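K.L.:
What follows is a single structure, and I will ask about it in a moment.
Just so it is clear, none of the values below were taken in a lab; they were calculated from the coordinates. Values in this document were obtained by computation on a predicted structure and should not be read as measured data. With ideal geometry, Cβ positions are generated from the backbone for all residues, glycine too; neighbour counts draw on all protein chains shown.
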Amino acid sequence: MFRIKEAYPLTDITVYMKIEAPDVAKKAGPGQFIILRADETGERVPFTISEADPAEGTVSIIFQKVGLSTLKLGEKKPGDMIADFVGPLGNVSHLDGYKSACVIGGGLGCAIALPQAKYLSDHGANVDMIAGFRNKDIIILEPQMKSVCDTLTIMTDDGSNGNKGLVTDALKAKIAEGKKYDVVIAIGPPIMMKFVSLLTKEYGIKTIVSLNPIMIDGTGMCGGCRVTVGGERKFACVDGPDFDGHLVDFDELMKRNATYRDIEGECCNLYKMGQQRQSGPSKPSQPEGKES
Amino acid sequence: MPNMQKTKTPMPSQDASVRARNWYEVALGYTAEDMANEAARCLNCKNHPCTAGCPVAVNIPGFIKKLAEGKPTEALRVIEETSSLAAICGRVCPQERQCESLCVRGKNGDPVGIGRLERYAADHGVSGISGAKKEKDSGVRVAVIGSGPAGLSCASDLCRMGYEVTVFEALHKAGGVLSYGIPEFRLPKSIVGKQIESLKELGVEFRLDYVVGRTFTVDELFESGYEAIFIGSGAGLPGFMGIPGENAAGVMSANEFLTRINLMKAYREEYDTPIRIPTRAAVVGGGNVAMDAARCAMRLGAEEVSIIYRRSEEEMPARAEEIEHAKEEGIVFRTLQNPVKVNTDEKGNTVSVTVVDMELGEPGPDGRRRPVEKAGSEHDIPCDTLIVAVGTSPNPLLRMTTPGLESDRKGCLTVLEDGVTTTRPGVFAGGDAVSGAATVILAMGAGKKAAKAIDEYLKSKAK
């Protein structure tokens, strides 16, 4: 069992959680992930490590409450236990030797882009960060990102932060300004990574993406995380999770990732309905007499 | 007087039409009368050829004699002299290729049902494994990587020799393929759990959720005080066919499918792991894993389940009994057909698999007749779930992270003539990690052999 040391919301849907896992903390490097199982009946879910503190023996993750397992995990409080926590899995990102980098995070991907940007900065690279969110209410980690890069540009889909557009618009603008990057790192939803990669391909800028596909064991056993990279079958857990964005078949990945979407949606709805029922008569979830 | 009945006493089992929709064990086990009848068929031959056919050399006539005397506990203790996993082996060993193939009774009729009797002893006897612990530990620590059959048997023997043994398991549950692979209806998980509990009582320490090669490397295990290491990490890396559309939603490895079901209990309401209930499932492959996957798909509630195999039934590597069981449960066998393409709808979901008919040509290097495509014979088999069970190979993680540990082209660890000593001093290996995918009992045999080699190595080192 693994004890939760800290847990608090970053936004309505995003949670920061710090877990005591000294052996994992000792080994964790940028880009690696863990798999956890919240309780005895939980599923195994992969999360990229957002921070590891070997001295304290803790590993932090940031997640959105979007699926059944993350909804349940999000209800856990400091002091609660997590049944299983295994890692660090995947390969450490190769970030050495870059002079000028643009690190792009999309939504929750910023939590993973942050340690990459920090590593690059700490190792002497000039780092621009671009972060994209749907709206200003779900912006996370703004001060932290600011502290590890030279410039931070935050874009929102709806323009609610006064800066409407996609991360690719911001990247294009940077390039148009004359910025030269020897690497672009893009971490976020596959659709974002796809379009960043398409853009950087035009300019011939090396692009690294971090994939988080369907996965059970995280050690190469299930093959659920297979992705096509440069026409070859790769397992994200043992060969990745970082790959050359110009070689990844994102369309295939997006279709595979949707495998359990319907089942997942149904389970979440059932779970939320159950929660609402439990919360008692003071908060009726349905008009009276119309119990579904 | 021995019972000269020519046929094996039949195994009571669930009716096929009922069991095809539940997860309970198929074979119910002998009654006391069945056992007495079958045990009396053993001639107790002087040179017991059966024992020679057992990878862990169980004293077979010895335990059957105890059973015939009505002493299942004593029978179990005889088995436990050389095997710590009787309840498992009695269920999943291919006895027809091992002990039973050498039984004298098999020359004129059926051999003695050794596996069925072993299971009886294990299910009805009281285990003495935990009592076999050495009074005094040697204080010498040995690490075992992987808690499957190879690791369990190695750990058990080392512990009995007085070593302090820690078993490292990557998953959250011990047992390896016994837990994630072999389904409940062939090997109830409560039985696997019981056998692991008895090893814990013996003194074996289990550390779950540790991926050696990631959480710790082999080098770090040595640094932290382990004096020898056994690698029993199995052959967990699934193979795929390499055909177009294979990465479509709805196509998965048998490992993934079986893990969702057996380890993650996706078929049970209270567990969160999702699984798509197939309407039509097709399984590619002809081994035991393919049979397990097909029978699981049936139990999930599929309307039709078929096995697609490129050779004929005769060449199928699965046990005859498993093939028989699958057929009884209504699984359709499409032999001499080979998948060439997976077809999807606009969302990328699998809707069918295109196969080509095959015929058997000249024997290949392995002696089996090679399947050859029949030109122009392509046709589609509708399916929303396609399970790929075309074999597995050893996981690359340990050989990638352990300097000095050599492996062959197929990823199997290289061992010296003794079969268990690797190219890295102090590191031993056995089971599927060395042989490639094989059986539970062969892995157990290798684990035992390695325990002996480790004991010799540590003793010579101490001198």
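K.L.:
How high is the relative contact order of chain A, in percent, counting Cα pairs under 8 Å that sit 6 or more residues apart?
P.N.:
15 percent
K.L.:
Then there is this: If amide H atoms are built 1.01 Å from N in the plane of the peptide, which residues on other chains or at least 5 residues away come under 5 Å of the amide H of B:Arg319?
P.N.:
Result for B:Arg319 returns B:Asn288.
K.L.:
Related question: Which value at 222 nm does chain A reach when only helices count, each DSSP H run of 4 or more adding -39,500 (n - 2.57), with the total divided by all residues and rounded to the nearest 500 deg cm²/dmol?
P.N.:
-8500 deg cm²/dmol
K.L.:
Let me ask you something else. Residue-wise, which Karplus ³J(HN,Hα) couplings in Hz belong to the range B:81-94, taking 6.51 cos²θ - 1.76 cosθ + 1.60, θ = phi - 60°, and x for glycine or proline?
P.N.:
Per-residue couplings from phi come out as 4, 10, 9, 9, 10, 4, 5, 7, 5, x, 9, 10, 5, x Hz.
K.L.:
Cα-Cα over 27 Å: which of B:Lys66/B:Lys459; A:Lys172/A:Lys234; A:Lys136/A:Lys234; A:Lys194/B:Lys347?
P.N.:
Correct reply: B:Lys66/B:Lys459; A:Lys172/A:Lys234; A:Lys136/A:Lys234.
K.L.:
Moving on to the next point. Within 10 Å of each Cβ in B:263-274, how many Cβ atoms from other chains are there, averaged over the peptide?
P.N.:
Across the residues of B:263-274, the mean count of other-chain Cβ atoms within 10 Å is 5.
K.L.:
What does the charge count near A:Ile112 come to, summing +1 for each Lys or Arg and -1 for each Asp or Glu among other residues with Cβ under 12 Å from its Cβ?
P.N.:
-1
K.L.:
Right, another one. Determine the percent antiparallel among the DSSP beta bridges restricted to the range A:100-256, to the nearest 5.
P.N.:
Here the share of antiparallel DSSP bridges comes out near 25 percent.
K.L.:
Return the calculated 222 nm mean residue ellipticity for chain B, to the nearest 500 deg cm²/dmol, obtained by summing -39500 (n - 2.57) across DSSP H runs with n ≥ 4 and dividing by the residue count. Don't skip to the end; give the middle numbers.
P.N.:
Numbers: 17 runs with 147 residues, N = 463.
After summing the helix terms and dividing by residue count, I get -9000 deg cm²/dmol.
K.L.:
Show me the ranking of peptides B:380-389, B:238-247 by mean Cβ neighbours inside 10 Å, starting with the highest.
P.N.:
Highest mean packing first, the order is B:380-389, B:238-247.
K.L.:
I would also like to ask the following. Please get the size of the charge dipole for the range A:100-256, origin at its Cα centre, with Cβ charges of +1 on Lys and Arg and -1 on Asp and Glu, quoted in debye to the nearest 20.
P.N.:
Taking the Cα centre of the range A:100-256 as origin, the dipole is about 120 debye.
K.L.:
DSSP beta bridges in chain A, what fraction antiparallel, as a percent rounded to 5?
P.N.:
60 percent
K.L.:
How big is the dipole moment of the protein assembly as shown about its Cα centre under a simple scheme where the beta carbon of each Lys and Arg is +1, that of each Asp and Glu is -1, and everything else is neutral? Debye, nearest 20, please.
P.N.:
820 debye
K.L.:
Can I ask one more? Considering amide H positions built from the backbone, and no H for Pro or chain starts, which residues 5 or more places from A:Ala7, or on another chain, come under 5 Å of its amide H?
P.N.:
The list, which skips near neighbours in sequence, is A:Lys18.
K.L.:
Compute the acute angle (0 to 90°) between the alpha-carbon long axis of helix A:190-203 and the principal axis of greatest extent of the alpha-carbon atoms of chain A; round to the nearest 10°.
P.N.:
0 degrees
K.L.:
Once phi is turned into θ = phi - 60°, what whole-Hz ³J(HN,Hα) does the Karplus curve with 6.51, -1.76 and 1.60 give for every residue of the range A:208-213, x standing for Gly and Pro?
P.N.:
These are the phi-based 3J(HN,Hα) values: 10, 10, 10, 9, 9, x Hz.
K.L.:
Taking H placed 1.01 Å from N in the peptide plane, check which residues at least 5 places from B:Thr344 or on another chain put their amide H under 5 Å from its amide H.
P.N.:
Those qualifying (amide H under 5 Å, at least 5 residues apart or on another chain) are B:Val351.
K.L.:
Out of all DSSP beta bridges in the range B:240-390, what portion is antiparallel? Express it as a percent rounded to 5.
P.N.:
Taking every DSSP beta bridge within the range B:240-390, about 45 percent pair in antiparallel fashion.
K.L.:
I need B:Thr215, B:Thr82 ordered by Cβ neighbour count within 10 Å, fewest first.
P.N.:
Going from least to most buried by this count: B:Thr82, B:Thr215.
K.L.:
Measure out, as a whole number of angstrom, how far apart the alpha-carbon centroids of the range B:38-61 and the range B:128-202 sit.
P.N.:
Each part reduced to its Cα centre gives a spacing of 26 Å.
K.L.:
Give the order of A:Ile140, A:Ile13 when sorted by the count of other beta carbons within 10 angstrom, beginning with the fewest.
P.N.:
Fewest-to-most Cβ neighbours within 10 Å comes out as A:Ile13, A:Ile140.
K.L.:
So, one more: When we measure straight from the Cα of B:Lys65, which aspartates and glutamates land under 13 angstrom away, once same-chain ones fewer than 8 places off are left out?
P.N.:
B:Glu38, B:Glu74, B:Glu118
K.L.:
For a test of the definition: using alpha carbon positions, the gyration tensor, and the 1.5 limit on a/c, classify the range B:240-390 as rounded, prolate or oblate.
P.N.:
It comes out oblate by the Cα gyration axes.
K.L.:
Something else now. Select from A:Ile49, A:Ile34, A:Ile191 the residue whose mean-square fluctuation is largest in a Gaussian network model of chain A (Cα-Cα springs shorter than 10 Å).
P.N.:
Fluctuation is largest for A:Ile191.
K.L.:
Say the dipole of the range B:16-127 comes from +1 at the beta carbon of Lys and Arg and -1 at that of Asp and Glu; which of B:Gly106, B:His124, B:Ala52 then lies farthest toward its positive end?
P.N.:
So the residue furthest toward the plus end is B:Gly106.
K.L.:
Related question: Quantify how strongly other chains surround peptide B:234-243 by giving the mean number of their Cβ atoms within 10 Å of each of its Cβ atoms.
P.N.:
Working: counts 1, 1, 6, 6, 7, 1, 3, 0, 2, 0.
Average neighbour count from other chains, rounded to a whole number: 3.
K.L.:
Send over the semi-axes of the protein assembly as shown's equivalent ellipsoid, whole angstrom and largest first, taken as the square roots of 5 times the C-alpha gyration tensor eigenvalues.
P.N.:
On the way: eigenvalues 468, 182, 134 Å².
For the protein assembly as shown, the ellipsoid semi-axes come out as 48, 30, 26 Å.
K.L.:
What shape does chain B take by its C-alpha gyration tensor, where a ≥ b ≥ c are the square roots of the eigenvalues and a/c under 1.5 counts as rounded, a/b above b/c as prolate, and the rest as oblate?
P.N.:
On the way: a/c = 1.72, a/b = 1.20, b/c = 1.43.
Because a/c hits 1.5 or more and a/b fails to exceed b/c, chain B counts as oblate.
K.L.:
Give me the percent relative contact order of the range B:1-137, please, defined on Cα pairs under 8 angstrom at least 6 residues apart.
P.N.:
Rounded, it is 28 percent for the range B:1-137.
K.L.:
Among B:Gly193, B:Thr82, A:Leu247, whose Cα sits farthest toward the positive end of the charge dipole of the protein assembly as shown (+1 at Cβ of Lys/Arg, -1 at Cβ of Asp/Glu, about the Cα centre)?
P.N.:
B:Thr82
K.L.:
If you don't mind, another one. From the phi angles alone, apply the Karplus equation (6.51, -1.76, 1.60; θ = phi - 60°) to the range B:436-444 and give each ³J(HN,Hα) in whole Hz, x where the residue is Gly or Pro.
P.N.:
x, 3, 9, 10, 4, 6, 5, 5, 4
K.L.:
Let me ask you something else. Please state the relative contact order of the range A:93-211 as a whole percent: Cα pairs under 8 Å, 6+ residues apart?
P.N.:
Computed value for the range A:93-211: 28 percent relative contact order.
K.L.:
For A:Asp239, A:Asp169, which order do you get if you count the other beta carbons within 10 Å of each Cβ and list the fewest first?
P.N.:
Least to most surrounded, the residues fall as A:Asp169, A:Asp239.
K.L.:
Same structure, new question: How many partner chain Cβ atoms sit within 10 Å of a residue's Cβ in peptide B:248-255, on average, as a whole number?
P.N.:
Per-residue shielding by partner chains comes out at 5.
K.L.:
If you don't mind, another one. Under 1.5 on a/c is rounded, so check that first for the range B:53-128, then, if it is not, pick prolate when a/b is larger than b/c and oblate when it is not; a ≥ b ≥ c are the square roots of the alpha carbon gyration tensor eigenvalues.
P.N.:
Working: a/c = 1.92, a/b = 1.46, b/c = 1.31.
Judged from the Cα gyration tensor, the range B:53-128 comes out prolate (a/c at least 1.5, a/b above b/c).
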